[in-house]
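Single-structure report; data block below.
The values are calculated or read from the model by the stated rules, or taken from the named source; none is laboratory data. Owing to the predicted nature of the structure, the values given are computational and were not obtained by experimental measurement. Positions of Cβ are generated from backbone atoms using ideal geometry, with glycine treated the same way; all protein chains shown enter the neighbour counts. Just so you know, the surface numbers come from the protein's heavy atoms only, side chains and all, with ligands and any DNA or RNA stripped out. Shrake-Rupley method; radii C 1.70, N 1.55, O 1.52, S 1.80 Å.
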Amino acid sequence: MAAPMTLVNLSFALSLASLAVYAAGYVLSRPRLARAAPWTLALAWAALTAGLGVRWSAMGRPPLANQYESLLTLIWCLLPLAFYFRRRTGKEEIVPVAALAACLFFGGAALLDRTVRPLMPALRSNWLIVHVLSSMAAYAAFSLAAAAAAWTLLRRGEAEDFLLRLTKAGFAFLTLGIVTGSIWAETAWGAWWSWDPKETWSLLTWLAYAAALHLRLKGVKGRYFAMILLLCFVMVLFTYFGVNFLLSGMHSYA
Amino acid sequence: MPKFLASLRLFFVLCALLAAVFVWQTLFHRGVPVYGTPWFAALGLLLAANIAACSLKRGLKAPAGHLLLHAGLVVVIAGAFVSRAHRFEAQLPLHTGRPADIAYHGGDSFRLPFTVSLEEFNIDYYREPRGRLVLDEGGHRRVFAAREGLVVRPASGGTVKVLRTVRDFGITSKSEVVEKSRYWLNPAVQLLVSAGGHERRLWIFSHFPGMHRGRLPFEVYYPLEQAEIRAFRSLVALRSADGTTRQGEVAVNRPLKFGDYSLYQTGYDPADAGYSLLTVTRDRGVWVVYSGFILILLGVLLWLRR
């Protein structure tokens, strides 16, 4: 399993390089240098894609079976989302924000168990791919939204439309993740909802973002909306990391 | 009253209340979960009424995506109430050759309208597990493939010979060691330890590594490698009161339907390869919930397109 690890480490290094290139361009007032950052980040995504692909091929199963693999998948979803929103909004700041988020997640992944194991019986289902992928895509969108919200608060900038679009994308993916997880639970455990801590906290996160979107409808915008998104992201972090480490349940492998 | 029900303020209050309940239940409460209490059901009912009232207030002026999403949520909550009222779930313990029709939930037992016979219980491994003989002499470990006839010479002198390996250790009334099943449920290795002109025969068990600790001048273990389980499968025969019969397989992620009932593979006993635990459910609310899911996903799709 040396090749996938090398590719993942290369992806981590390229994400760091992208962040450094952008920072150097900004500090030295060299826009041409900063323009290399998206390309470096695109290379990081390509290396990660190759790493996950080789890992999938070597294991004979999708790399979605434990928290280390799901965190790499989260980063894999995060980078294309960042490029999509950069293209749609024209905001170059999305690139360093995404690179920073990717570096933090790579750092977190390095602390997790990387042991390669075959799929346990409970995970041997076609629902694994769609459920984990949609959940990780949701967390990726919420991570970008949180990073952009922090950026908005620090720079006192305006990222209103961008924040809303990312939150809506994350909310849609989270809805898909909860629905597919529920159908899978009915097939595997015989109950579409068991109030397992992971399920409960996912519902709590969903309610929090639903409330945030409705607050925005009521006119809560700008810095207040950004602060609400940061609070909601605390729930995402607890659902993804906190539940696994602090609470026991049927999602103990996730 | 309708104005109160159709207010967003009520929605925010309900979200805050539910959040508080979920945090308290998952982090601080250590007793019977609150989700079955009447007051929690009342919260769910109020949330459904609030969502329905808000949607009705906006009426057909609201975009289709919003209407579908909110209607889907109300349908899912309605399905949850149908499940709550009519759902049946119980555990059905099975032993090979003994048809069973009594299932258990909590302290109660229920007679099912059909009998289930466990014809065979199977455990599939990704690869055939391998037993290893580990000799630990003061921290110096040596690992060998534990095959019958293997002879190892410890540094302290003498020999250790592997006489026999079994995957599922069992003992008869005549004190004969037998292999109870072909599954690696209780792996053990029999060793002949010779030292100083004395010979001793010992059984070393994978699951009880400290059994002979201190009785030998070295530590010896019998761990397993590549013992990852791929699937549990119960081959069952079902017979209903009207004489309908069916044979089928129940596995994790592959439930078996029989009439209104579904059978799920839930557990097994590492000490008994002829035992399997199934969960039997009947839930008419699940189709209401699935209808709600379809509405929600359609609603989200249309909402995103705006």
Selection within the stretch A:57-108 - of a type in the set (A, V, I, L, M), open to solvent by less than 20 Å² (accessible area, probe 1.4 Å) and within 13 Å of the chain's Cα centre (by Cα): A:LEU71, A:LEU72, A:LEU74, A:ILE75, A:LEU78, A:LEU79, A:ALA82, A:VAL97, A:ALA98, A:ALA99, A:ALA101, A:ALA102
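Taking B:VAL21, is it more than 9 Å from chain A (Cβ to nearest Cβ) and outside any helix (DSSP H, G or I)?
Values: more than 9 Å from chain A (Cβ to nearest Cβ): yes; outside any helix (DSSP H, G or I): no.
Taking the combined requirement at face value, the residue does not satisfy it.
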Given the conditions (1) in contact with a Phe, Trp or Tyr (Cβ under 6 Å, 6 or more places away or on another chain); (2) under 28 Å from B:THR266 (Cα atoms); (3) β-branched (Val, Ile, Thr), and given that A:THR89 satisfies all but one, which numbered condition is not satisfied? (2)
Exactly one of (1) out of contact with any helix residue (DSSP H, G or I) (no Cβ under 9 Å at 6 or more places or on another chain); (2) away from chain B (no Cβ under 14 Å) is unmet by A:ARG124. Its number? (2)
I'd like the residue in the stretch B:24-38 that is assigned to a helix (DSSP H, G or I) and of a type in the set (S, T, N, Q) and, out of all such residues, is surrounded by the most Cβ atoms within 10 Å (Cβ to Cβ). B:THR26
Out of B:PHE169, B:PHE110, B:PHE121, B:PHE114, sole residue that is in a strand (DSSP E or B), over 22 Å from the mean Cα position of the chain (by Cα), under 28 Å from B:VAL280 (Cα atoms) and modelled with pLDDT of 90 or more: B:PHE114
B:PRO93 fails exactly one of the following numbered conditions: (1) modelled with pLDDT of 95 or more; (2) more than 20 Å from B:SER276 (Cβ to Cβ). What is the number of that condition? (2)
When the residues of the stretch B:1-18 are filtered to those that are assigned to a helix (DSSP H, G or I), more than 27 Å from A:VAL234 (Cα to Cα) and touching a residue at least 24 places away in the same chain (Cβ under 8 Å), which remaining residue is nearest to the other protein chains (Cβ to nearest Cβ)? B:LEU5
Flagged pairs (Cβ under 9 angstrom, 6 or more apart or on separate chains; first in the stretch A:158-178, more than 13 Å from B:LEU304 (Cβ to Cβ); second open to solvent by 30 Å² or more (accessible area, probe 1.4 Å) and β-branched (Val, Ile, Thr)) are A:ALA159/A:THR89; A:ASP161/A:THR89; A:PHE162/A:THR89; A:GLY177/A:VAL130
Select the helices (runs of 4 or more DSSP H) contained entirely in the stretch A:27-114, then report the ones holding at least 1 residues which are in contact with a Leu (Cβ under 7 Å, 6 or more places away or on another chain) and in the same structural domain as A:ALA17 (by TED's automatic domain parsing). A:36-59, A:67-89, A:94-110
Considering A:ALA147, A:ALA188, which residue is closer than 22 Å to A:LEU72 by Cβ and not assigned by TED's automatic domain parsing to the domain that holds A:VAL97? A:ALA147
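Is it true that A:THR115 is open to solvent by 20 Å² or more (accessible area, probe 1.4 Å) and farther than 16 Å from A:THR73 by Cα?
Working: open to solvent by 20 Å² or more (accessible area, probe 1.4 Å): yes; farther than 16 Å from A:THR73 by Cα: yes.
In short, yes.
Do any strands (runs of 3 or more DSSP E) entirely within the stretch B:172-271 hold 3 or more residues that are away from every other protein chain (no Cβ under 14 Å), and if so, which? Can you show your working first?
Numbers: elements: B:177-179, B:188-195, B:198-205, B:219-221, B:229-240, B:245-251, B:256-258, B:261-269.
Counting at least 3 such residues, we get B:177-179, B:188-195, B:198-205, B:219-221, B:229-240, B:245-251.
For (1) of a type outside the set (Asp, Glu); (2) free of Cβ contacts under 8 Å to residues at least 60 places away in the same chain; (3) open to solvent by less than 70 Å² (accessible area, probe 1.4 Å), each residue gets a yes or a no:
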{"residue": "B:GLY157", "(1), (2), (3)": "yes, yes, yes"}
{"residue": "B:VAL162", "(1), (2), (3)": "yes, yes, yes"}
{"residue": "B:SER173", "(1), (2), (3)": "yes, yes, no"}
{"residue": "B:ALA188", "(1), (2), (3)": "yes, yes, yes"}
{"residue": "B:GLY197", "(1), (2), (3)": "yes, yes, no"}
{"residue": "B:LEU238", "(1), (2), (3)": "yes, no, yes"}
{"residue": "B:ALA241", "(1), (2), (3)": "yes, no, no"}
